[in-house]
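Structure first, then comments.
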Amino acid sequence: MESVNTQIQQVPKYDKTDDTIVFGFWVYLMTDCVLFAALFAVYAVLHNNTFGGPDGAQIFSPSYVLVETIALLTSSFTCGIGLISAYNMQKNRVIGWFSVTFLLGLSFVVMEVAEFSHLIHSGDSFKRSAFLSSYFTLVGTHGLHVTVGLIGMLILIIRIYTKGLTKASVRRLTLLSLFWHFLDIIWIFIFTIVYMLGFS
Amino acid sequence: MDIETPNILEDWKDHGAKIQVYIVGFAISILLTLIAFVITFYHLLSGWENVALLIFLAILQLFVQLIFFFHIGSKAQSKWNILIFLFMIMIVAILVIGSLWIMTNLNSKMMPTTKQMIQYMNAQGAAL
């Protein structure tokens with residue numbers, strides 16, 4: 001009995017299946033890249049087809065997008081710090097850093113929804129032109145990914161809070177961090193190709 | 001066997017996932033984002049140079065984040081991860097470059113609009 005108890009108290013050992021799971025998640029992320037590449041290609045083809053509607057320079061605000069970008073970049077950073085805390089088995093720090101990540105991600109989504117609703121209410125919805133359809137599809141798909149990531153993060157934070165840091169939760173945090181950094185990279189390309197090039 | 005292929009989580013804990021690594025990666029990312037923003041906001045460049053520089057900054061940031069946040073190239077990243085990554089790059093390149101190539105070609109071979117045809121006929125006017 002005592003040996004069982006000491007084993008539970010020990011810092012968990014990671015086994016080989018972790019490698020397989022992380023690899024599988026990596027393959028998923030790469031296929032998701034292909035999905036975004038298709039949407040980027042659609043946007044690149046259609047971004048001049050404004051059909052008499054507004055173009056990027058008229059509807060995008062670079063300063064607003066810069067704030068969104070910095071919020072997402074910072075959340076990627078705090079997510080990484082949270083992961084280090086998880087590897088060091090510091091439960092409270094993990095909950096703290098991932099809560100900060102969650103709030104930054106949430107403010108990103110709220111800003112994006114506000115931007116979308118502003119566009120739709122001023123008559124420039126996805127129905128207006130091919131440019132706006134492709135814009136809403138590309139940016140909306142990214143926003144949907146971020147939202148799914150936020151839901152996953154919330155569930156994980158609650159699990160760690162109630163059940164503590166287990167071997168499985170450290171693995172899930174690793175996968176979540178990979179997903180979060182991946183979304184950050186996709187956003188950098190949306191920031192550059194859609195907003196910065198659209199504005200200039 | 002175990003020594004040759006260390007567990008990915010153990011390896012990140014020991015080498016990749018250090019707070020300094022994340023701070024450096026974060027600082028460079030913010031810097032690159034701000035450069036792109038300043039160039040765009042103050043219209044420092046225009047046309048072809050602007051597009052090339054902004055795309056270059058984005059690709060630079062892609063590699064910065066891959067190295068500092070994904071720890072790509074650390075020893076536990078098996079060659080399969082890199083292989084899948086390169087395969088993805090190939091598919092993405094074919095998809096994006098191919099789409100743009102085909103659509104540009106199609107646009108230039110499209111039937112002209114009525115307005116363009118009338119302009120053309122007026123230019124050729126004397127013969128009609």
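For this structure, a couple of remarks:
- Qualifying residue in region A:75-84 (condition: of a type in the set (A, V, I, L, M), buried (at least 20 other Cβ atoms within 10 Å of the Cβ), in contact (Cβ under 8 Å) with a residue 40 or more places away in the chain and out of contact with any His (no Cβ under 7 Å at 6 or more places or on another chain)): yes
Per-residue answers, yes or no, for (1) within 8 Å of chain A (Cβ to nearest Cβ); (2) at pLDDT below 90; (3) farther than 20 Å from residue A:81 by Cα:
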residue: B:13; (1), (2), (3): yes, yes, no
residue: B:26; (1), (2), (3): yes, no, no
residue: B:31; (1), (2), (3): no, no, no
residue: B:36; (1), (2), (3): yes, no, yes
residue: B:42; (1), (2), (3): no, no, yes
residue: B:47; (1), (2), (3): no, yes, yes
residue: B:60; (1), (2), (3): no, no, yes
residue: B:66; (1), (2), (3): yes, no, no
residue: B:71; (1), (2), (3): no, yes, no
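- Residue within region A:14-29 that is assigned to a loop (DSSP other than H, G, I, E, B) and at pLDDT below 90 present: yes
- In region A:140-179, the residues that are surrounded by fewer than 15 Cβ atoms within 10 Å (Cβ to Cβ) and either without any contact (Cβ under 8 Å) to a residue 24 or more places away in the chain or not in a helix (DSSP H, G or I) (or both): A:144, A:148, A:151, A:155, A:158, A:162, A:163, A:164, A:166, A:168
- Residue in region B:100-121 that is surrounded by 15 or more Cβ atoms within 10 Å (Cβ to Cβ), within 12 Å of chain A (Cβ to nearest Cβ) and under 17 Å from residue A:189 (Cβ atoms) present: no
- Here residue A:192 meets each of (1) over 26 Å from residue A:99 (Cβ atoms); (2) touching a residue at least 40 places away in the same chain (Cβ under 8 Å); (3) buried (at least 20 other Cβ atoms within 10 Å of the Cβ) with one exception, condition (2).
A quick yes/no check of all residues on (1) under 17 Å from the mean Cα position of the chain (by Cα); (2) outside any helix (DSSP H, G or I); (3) crowded, with 16+ Cβ neighbours inside 10 Å:
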position	(1), (2), (3)
B:25	no, no, yes
B:31	no, no, no
B:43	no, yes, no
B:57	yes, no, yes
B:88	yes, no, yes
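- Selected residue [more than 14 Å from every other protein chain (Cβ to nearest Cβ) and at negative phi] from A:196, A:111: A:111
The values are calculated or read from the model by the stated rules, or taken from the named source; none is laboratory data. Predicted model only: the values in this text are computed from it and were never measured. Note: ideal-geometry Cβ built from the backbone for every residue, glycine included; neighbour counts use all protein chains shown.
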